[in-house]
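Any read-out appearing in this document is the output of simple, stated calculations on the displayed coordinates, not a laboratory observation. This one's a predicted model, so the numbers in the text were calculated from it and none came from an experiment. Quick reminder, even Gly has a Cβ in these numbers, built from the backbone with ideal geometry, and neighbours come from all protein chains shown.
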Amino acid sequence: MKYHLSTLVFLGIYTMSSCSYSEENIKKEVSNHLIMDSHTLSNYKELPIKHSHLDLEVDFENKLLRGSVTHNFNEDRDTDLLILDSKHLEIDSVKDHQGDHLNFEFGNFDELLGSKFSIQLYKESKSVTIFYKTTSKSEALDWLMPNQTAGKRFPFMYTQGQSIFTRSWIPIQDTPGLRITYSANIKTPKNMMAVMSASNPQVQHSENSYNFEMKQPIPPYLIALAVGNLQFKSVDYRTGVYAEPSMLDECVDELTDMGKMVDVAENLYGKYDWDRYDVIVLPPSFPFGGMENPRLTFATPTIIAGDRSLVSLIAHELAHSWSGNLVTNATWNDFWLNEGFTVYFERRIMESLYGKDYSEMLALLGYQDLVEEINDLEPDMQLLRLNMLGKHPDDAMTDIAYEKGYFFLRMLEDHVGREKMDSFLLRYFNDHKFKTIITEEFIIYLENNLLNEYNEKLNINEWIFEPGIPANCPKVKSVRFENAASLVDDFMFSDARSLKEKTANWSTHEWLHFIKHLPNNINVDQLRDLDNVFNFSHSGNSEILALWFLQSIKSDYQPAFENLEIFLIKIGRRKFLQPLYLELSKSKKHKIWAKEVYKKARDNYHYVSFNTIDKLLN
Ligand code: BES
Ligand code: ZN
């Protein structure tokens with residue numbers, strides 16, 4: 001049987017009625033370890049891995065990782081079978097701690113989950129060592145040629161584990177429901193540095209061999225590796241930046257507040273538990289804005305705007321050091337527990353550092369995104385607690401998890417007040433640190449630690465188990481945005497030059513609001529007028545550029561297309577690519593153009609992005 005019974009039982013309970021879960025039942029299921037992640041084929045409940053050691057050589061010529069992984073588990077165990085996840089890996093042999101060969105076999109290949117990889121243990125086997133290599137199909141890995149990097153002289157590679165890609169570079173029990181410690185030895189070519197979500201080097205090693213250790217237990221999707229011609233520079237005593245040498249100073253300058261962000265975050269919700277906090281700024285193919293790999297956030301270079309205007313992304317990834325990395329969603333159905341809490345925490349960090357005016361602009365942009373996106377989502381994808389059975393967990397990455405999750409927590413804050421909310425969250429992180437959690441456990445915890453105590457009756461079930469945005473969703477007001485929107489009207493009745501003075505002190509976010517609110521029927525002459533005065537088509541700010549390009553496609557404003565092509569070829573961040581290609585595919589003429597551009601661009605994208613765009617352009 002592919003999916004565990006309890007998953008089905010859970011689904012049954014919630015489809016029958018929205019408020020019929022029983023505390024008793026859930027506690028029983030949790031304590032009996034019956035909550036199963038449906039996106040792993042492994043036996044992580046029966047025989048969980050405790051520690052993994054990687055010994056890998058990075059082969060840029062053949063674009064593969066080659067070596068071994070050793071998994072340790074508890075010696076007293078009830079089974080002789082260790083079952084792992086694997087996808088597109090070539091397994092050579094498997095031995096135990098004594099060097100005895102172990103038999104293994106693969107289950108049928110599943111397009112979504114890969115293959116079940118079962119290893120037969122001897123009674124006395126204390127660990128397994130798997131000798132293997134990755135293949136060209138390994139989805140986690142992005143291999144870049146020198147010309148795809150900033151320096152153009154050295155190749156580059158990085159991994160992306162979340163959500164179910166770690167199994168494509170490490171045979172492992174690939175589920176967020178498991179926590180392991182890990183160590184690694186990585187061998188690189190000359191002039192290269194390897195960094196991981198672990199203790200990291202700060203200079204290149206002449207012997208081209210790097211050792212790593214992650215002492216805190218983490219879920220396997222957070223194991224990460226990047227190798228390139230990297231250099232490090234400190235920001236403060238516990239924070240710093242890795243980047244290619246030609247970009248390093250610029251990146252450090254952009255991220256100069258990251259030390260303060262850690263301080264502020266600690267003041268809000270407790271001690272930072274991961275020792276150092278560093279950021280690596282990757283080449284532009286990186287498919288996400290950021291990825292919260294512990295100790296070392298992976299970030300897109302598109303946040304390097306020159307004016308520090310996009311650093312909320314760092315606040316977000318840092319906040320995951322609590323929500324996500326300390327307290328982890330036990331299954332991808334509970335993804336909102338990672339992301340909704342993180343957006344809430346992110347905006348609290350931004351408020352502390354830059355003021356409420358600023359963080360409210362972020363919240364309002366988030367709300368607008370939510371309202372826009374929700375119409376395109378099927379009702380079953382509008383719930384905070386999802387059922388991703390049979391679907392790719394990455395499809396849960398919608399504004400429901402992020403923004404509906406955020407507004408749910410903000411609604412709680414509105415009711416109980418900030419002080420109670422903060423002590424609740426502080427306690428929540430503390431009580432669940434280095435643990436995993438499902439939505440139902442969270443609800444019980446919420447009731448016992450916040451709602452019952454203050455006798456609050458809120459529509460929790462509606463928020464979590466029903467589609468749409470509940471009526472008690474907090475309203476966000478931003479005077480700066482109201483002003484920006486009124487200038488859209490001014491512009492429509494005059495010209496762009498008349499806006500110059502009034503917009504002189506605008507932040508990126510006011511511009512975003514302005515561009516978003518340009519009327520749909522705006523004509524090419526008006527866009528040209530705006531472009532001549534504000535030069536949007538050549539903006540150095542990726543968020544402004546992407547929004548401007550979207551408007552330009554809608555209005556077929558041709559002068560922007562030259563730079564749009566350059567953007568699409570260079571940048572691999574899916575959040576930008578998806579809406580642009582989607583808009584392009586709406587007209588026949590644009591779709592033909594888009595397919596031509598995509599031919600040149602596809603090689604510059606990570607699997608996550610080209611898989612999305614492949615489907616979109618069929
Ligand atoms: N953990 C996510 C990225 C992710 C989610 C990867 C799901 C794979 C599957 C990360 O923390 C994130 O949310 N990144 C956002 C930025 C953020 C500021 C909203 C992104 O990349 O856009
Ligand atoms: Zn996130």
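Tilt of helix 258-269 relative to the longest C-alpha principal axis of the chain, in degrees (0 to 90, nearest 10)?
So the helix axis and the longest Cα principal axis differ by about 70 degrees.
Per residue of the range 494-507, in order, report the coupling 6.51 cos²θ - 1.76 cosθ + 1.60 (Karplus, θ = phi - 60°) as ³J(HN,Hα) in whole Hz, putting x for Gly and Pro.
My calculation for the range 494-507 gives 9, 8, 5, 4, 5, 8, 3, 5, 5, 9, 4, 9, 5, 8 Hz in order.
When the helix-only estimate is applied to the chain (DSSP H runs of n ≥ 4, each -39,500 (n - 2.57), divided by the residue count), what is the mean residue ellipticity at 222 nm, nearest 500 deg cm²/dmol? Let's see the in-between values first.
Values: 19 runs with 224 residues, N = 618.
My calculation for the chain gives -11000 deg cm²/dmol from helical runs alone.
Which far-off residues, 5 or more places away or on another chain, put their amide H under 5 Å from the one on residue 126, with H placed in the peptide plane?
Sorted by chain and number, the residues that satisfy this are 97, 98.
With a 10 Å radius around each residue's Cβ, average the other Cβ atoms per peptide and rank 426-435, 201-210, 526-535, 338-347, highest first. Mind dumping the intermediate values first?
On the way: 426-435: 15.7, 201-210: 13.5, 526-535: 17.5, 338-347: 25.4.
For the peptides 426-435, 201-210, 526-535, 338-347, the packing ranking is 338-347, 526-535, 426-435, 201-210.
Whole percent per 10 Å bin, from 0 to the bin with the longest distance: what is P(r) over all C-alpha pairs of the range 326-465?
Histogram of Cα-Cα distances, whole percents per bin: 11, 42, 37, 10, 0.
With the cut-off at 30 Å, tell me which of the pairs 420/475; 28/50; 516/586; 477/575; 575/599; 137/435 have Cα atoms farther apart than that.
In this structure, 137/435 exceed 30 Å between Cα atoms.
For the range 47-217, what's the relative contact order in percent, using C-alpha pairs closer than 8 Å and at least 6 residues apart? Let's see the in-between values first.
Values: 373 pairs, mean separation 42.7, N = 171.
Once divided by the residue count of the range 47-217, the mean separation gives 25 percent.
Helix 524-534 versus the longest principal axis of the chain: what angle, 0 to 90°, nearest 10, using Cα atoms?
80
In percent, how large is the relative contact order of the range 326-465, given Cα pairs closer than 8 Å and 6 or more residues apart? It would help to have the intermediate numbers written out before the result.
Working: 131 pairs, mean separation 54.4, N = 140.
With pairs under 8 Å counted, the relative contact order is 39 percent.
What base-10 log of the normalised intensity I(q)/I(0) is obtained for the range 508-616 from the Debye formula, alpha carbons as equal point scatterers, at q = 0.18, 0.19 Å⁻¹?
-0.86, -0.95
If you take the beta carbon distance between residue 430 and residue 122 as r and set R0 to 41 Å, what does 1/(1 + (r/R0)^6) give as a FRET efficiency, to the nearest 0.05?
Values: r = 42 Å, r/R0 = 1.01.
According to the calculation, E is roughly 0.50.
Binned at 10 Å from 0, what are the whole-percent values of the Cα-Cα distance distribution for the range 261-351, short to long?
17, 50, 30, 3
In percent, how large is the relative contact order of the chain, given Cα pairs closer than 8 Å and 6 or more residues apart?
On the way: 1133 pairs, mean separation 66.8, N = 618.
Rounded, it is 11 percent for the chain.
Quick one: Karplus J couplings for the range 295-301, per residue in order, coefficients 6.51, -1.76, 1.60, θ = phi - 60°, nearest Hz, x for Gly and Pro?
For the range 295-301, the Karplus curve yields 6, 8, 5, 8, 9, 6, x Hz.
In nm, to one decimal, how far is the residue 111 label point from the residue 271 one, both placed 7 Å along Cα→Cβ?
Here the answer is 4.9 nm between the modelled labels.
How big is the Kirkwood radius of the chain, worked out from every pair of different alpha carbons and given in Å to one decimal?
Values: mean 1/r = 0.0392 Å⁻¹.
Final number for the Kirkwood radius of the chain is 25.5 Å.
Near residue 539, within a Cβ-to-Cβ distance under 15 Å, what is the net charge of the other residues, with Lys and Arg +1 and Asp and Glu -1?
Values: positive: 516, 570; negative: 307, 510, 531, 543, 562.
Charge balance near residue 539 sits at -3.
Students often check this: by mean Cβ neighbours within 10 Å, which of 359-366, 125-132 ranks highest, and how do the rest follow? Mind showing how you got there, number by number?
Values: 359-366: 21.2, 125-132: 19.5.
In decreasing order of mean packing, 359-366, 125-132 become 359-366, 125-132.
Could you tell me which of the pairs 356/404; 45/123; 116/187; 133/404 are separated by over 31 angstrom between their Cα atoms in the structure shown?
Details: 356/404 20 Å; 45/123 19 Å; 116/187 29 Å; 133/404 41 Å.
Too far apart for the 31 Å limit: 133/404.
If you find the alpha carbon centre of the range 425-482 and of the range 354-412, how far apart are they in angstrom?
Here the answer is 14 Å between Cα centres.
Take each of the peptides 74-84, 555-565, average the number of other beta-carbon atoms within 10 Å over its residues, and list them starting from the highest.
Details: 74-84: 14.4, 555-565: 17.5.
Put in order of decreasing packing, that is 555-565, 74-84.
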